[in-house]
Structure formats: C-alpha cells, structure tokens
C-alpha cells in the first residue's frame with residue numbers, strides 16, 4: 001500500500017523526549033514503505049533542525065567526539081531528506097515560523113521550510129492520515 | 001470538509017512566555033484558515049474555562065511582562081467565533097469548578113460521552 | 001464503524017492519565033469500532049508479564065482489542081516476556097495501520 005502521504009505534527013525539542021525519536025522513526029518507516037511525509041514542527045520541535053547542533057565527547061565514558069559519535073537530530077533529519085530524495089518521495093518539513101522566531105532557531109539544515117498552521121491544515125487535508133504527537 | 005476535534009489536556013505549559021496556550025492558539029489559527037474545528041478541554045485544561053484567570057504582574061530584573069496571557073478571554077473569543085468548546089464535567093468538578101466559575105457558552109460532556117464525541121469527528125488530534 | 005489506531009506512549013506508573021486512555025479505548029470498542037492499541041516508549045512497561053498494571057493490558061486483549069507493542073521500545077527496556085495476546089511490531093506496522101483507509105489515529 002505504498003504511494004500515500006501522511007502528515008505528522010510534532011512539538012518536542014531535541015534531547016528532551018522519547019517522542020522526538022519515535023516521530024523520526026515513523027518518518028523513516030513511512031519513507032521506507034514508499035510514502036511521502038509532511039512534518040509540521042511546532043513549538044520546541046523547530047529546534048530539531050538547527051544547524052548549530054554539534055556532537056560532543058563524553059567525560060563519564062571517557063570518549064572523544066569521534067568515539068562517542070553523539071547524534072544530532074539535525075543530521076538525522078538531513079539524512080531523512082536524503083532518503084526521501086533518493087526514493088523519489090517528498091519529505092516536506094515545515095518549521096512553524098513564529099515558533100522559530102521566538103526560539104532563534106532560524107538557521108537550519110537544508111530541507112525544511114518556514115510555514116505556519118495553515119500549512120499543517122492544508123497538509124492534513126491532502127493526506128491519507130494525520131498524526132499529532134503532542135508534548136507534555 | 002473534515003470535522004476536527006482538538007483534545008487539550010495539558011494546562012499552563014509555557015503559557016507565560018507564549019502569552020497563550022499554544023494549542024488553543026493553533027486552534028484559533030486553524031479556524032481562521034477555514035477549519036471545521038472543535039475543542040475538548042479535559043484533565044487540567046478544564047481550568048482554561050475558568051473565569052477570572054490573572055497572569056499579570058511578573059517582573060524579571062527590569063523586564064516587566066506587559067502583555068500576559070488571558071486564556072479565559074481566548075476561550076471566550078473562540079466561542080464567539082463559533083468554535084464548539086466542550087468541557088468534561090467530572091474533570092471540572094474534581095477541580096472544584098462549579099457552574100458559576102465557568103465561562104458561558106461551553107458545551108458540557110460527561111467522561112462516558114467522549115467516545116461518541118470522538119466518533120462524531122473525522123480527525124481527532126490529542127494534544 | 002471506524003478504525004482507531006490508539007498509540008499509548010505513557011504508562012500508569014508515571015501517568016495518572018493512563019486509566020483515562022484505557023477507558024477511552026474500551027469505550028470506542030464498545031461502540032462497535034475496530035480499535036488497535038500500539039504501545040510505544042514507556043507505554044510498553046505495563047505489558048511486561050508480572051507488572052503491576054499488566055491486567056490493564058490483559059483487559060484490553062480480553063475485550064478483543066488488538067494490542068501491539070513496539071519491538072524497539074521492548075528491546076530498549078529489556079522486556080522479554082509479555083502479557084498473553086500482545087503482538088509485537090515495529091513502526092513499519094504503525095505506518096501500515098495509520099494509512100489504512102478510514103483510520104483515525106490518536107496519540108496519548
């Protein structure tokens with residue numbers, strides 16, 4: 001049943017909630033099954049794509065930056081964009097503009113675009129399914 | 001057009017810095033965009049329907065909060081705009097909210113009525 | 001009759017609201033809807049056999065509600081034995097359920 005489009009709304013900032021990981025897993029699964037995906041990143045989720053995220057060493061484990069290979073969500077998102085492109089699918093990632101402004105999160109990796117609630121509404125209307133993943 | 005139900009349960013999360021509840025704000029924006037959208041306030045969010053909420057007076061050093069959130073007014077405005085705002089009766093009662101405490105124009109629903117309300121909507125977004 | 005995909009990410013050890021969601025699921029099923037509960041993140045904790053809240057999961061299964069636990073979440077938590085009747089799957093299955101026509105997806 002490939003070839004559909006789903007819309008996912010997310011709110012959690014990176015490194016704060018298991019929700020972010022699960023949301024990206026859902027995007028990964030949808031793409032791997034041949035579906036296109038719209039993501040509406042609301043509130044703290046706009047921080048997921050910030051270019052300035054950087055990996056770091058781990059002094060508790062005694063690992064260097066290279067050894068620790070600390071993930072950054074911006075790299076995971078960039079990789080999902082690459083996956084979508086290679087599969088000829090669409091990953092449309094909208095960062096809610098006002099949320100971006102208040103968080104200073106406007107410098108993001110290639111791929112996402114600025115938007116707002118209307119984009120979420122339009123995306124939802126054009127999708128086979130919409131899933132809202134709230135924050136607590 | 002799809003009938004959307006926004007279920008709001010978390011209350012007062014970042015509402016000072018945001019100057020609103022961000023899900024109620026989103027609801028208002030979606031309504032303005034033409035959505036057929038209703039709101040169910042449950043759990044602590046039933047308190048959003050309480051009259052007389054006052055978040056004014058905060059000061060941080062020299063920075064004064066001059067435009068605090070007025071969530072009760074936001075809810076009232078949405079009711080005026082034709083958004084159906086449902087409140088779970090038991091959740092309100094458990095929080096000591098009587099009829100006199102609540103805004104007018106709300107639609108009251110019992111907990112056991114939530115599945116039917118959900119069935120009546122095409123999209124259910126649980127925030 | 002609608003199809004519901006109810007994704008439970010919270011657990012009753014940490015969230016007093018878990019009971020509401022279990023009741024909601026039962027309420028939707030009693031109205032003749034097809035309901036699948038997909039447990040993810042800490043939502044898989046009560047599905048461990050012998051957990052204090054495993055009866056909540058068992059009750060869902062008894063009510064003919066499909067209960068699926070996310071394999072990664074189970075593995076992440078070292079959960080090896082599940083309440084009888086609970087299926088396991090990955091987010092690929094979640095997506096399959098999500099895109100089934102007529103499905104409403106609700107995340108808790």
Relative exposure of A:35, B:28, judged by other C-beta atoms within 10 Å (fewest first): B:28, A:35
Distance between region A:102-136 and region B:75-127 - C-alpha centres, whole angstrom: 26 Å
Inter-chain Cβ neighbour average for residues C:37-48, partner chain, 10 Å: 1
Other protein chain Cβ atoms within 10 Å, averaged over every residue that makes up C:90-103: 6
For chain A: relative contact order, % (alpha-carbon pairs under 8 angstrom, 6 or more apart): 36 percent
Region C:28-70 and region A:5-32: distance between their alpha carbon centers, rounded to Å: 22 Å
Highest-first arrangement of C:8-14, A:93-99, where packing means the average Cβ count within 10 Å: A:93-99, C:8-14
Residue-averaged beta-carbon neighbours from other chains (10 angstrom radius) around A:117-130: 5
Pairwise Cα inverse-distance average, inverted: Kirkwood Rh of the protein assembly as shown (Å): 21.7 Å
0 to 90° range, to nearest 10: angle between helix A:73-86 axis and chain A longest Cα axis: 50 degrees
Per residue, the convex hull volume that the Cα atoms of region C:1-97 enclose (Å³): 80 Å³
Computed P(r) (all Cα pairs; region B:1-106; 10 Å bins; percent): 15, 46, 29, 9, 1
Residue-averaged 222 nm ellipticity for chain C, from DSSP H runs of 4+ at -39500 (n - 2.57), nearest 500: -9500 deg cm²/dmol
Mean separation of Cα contacts under 8 Å (6+ apart) over length of chain C, as relative contact order %: 35 percent
Dimensionless Rg/Rh of chain A - Kirkwood Rh, Rg from C-alpha atoms: 0.99
Relative contact order (%) - criterion: Cα under 8 Å, at least six apart; region: chain B: 35 percent
On Cα atoms only, tilt of B:71-80 relative to the major axis of chain B in degrees: 40 degrees
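Only the coordinates and a few stated rules stand behind these numbers; no lab work does. Computed from a predicted structure; not experimentally measured. Don't worry about glycine lacking a Cβ; one is built from the backbone with ideal geometry, like all the others, and counts go over all protein chains shown.
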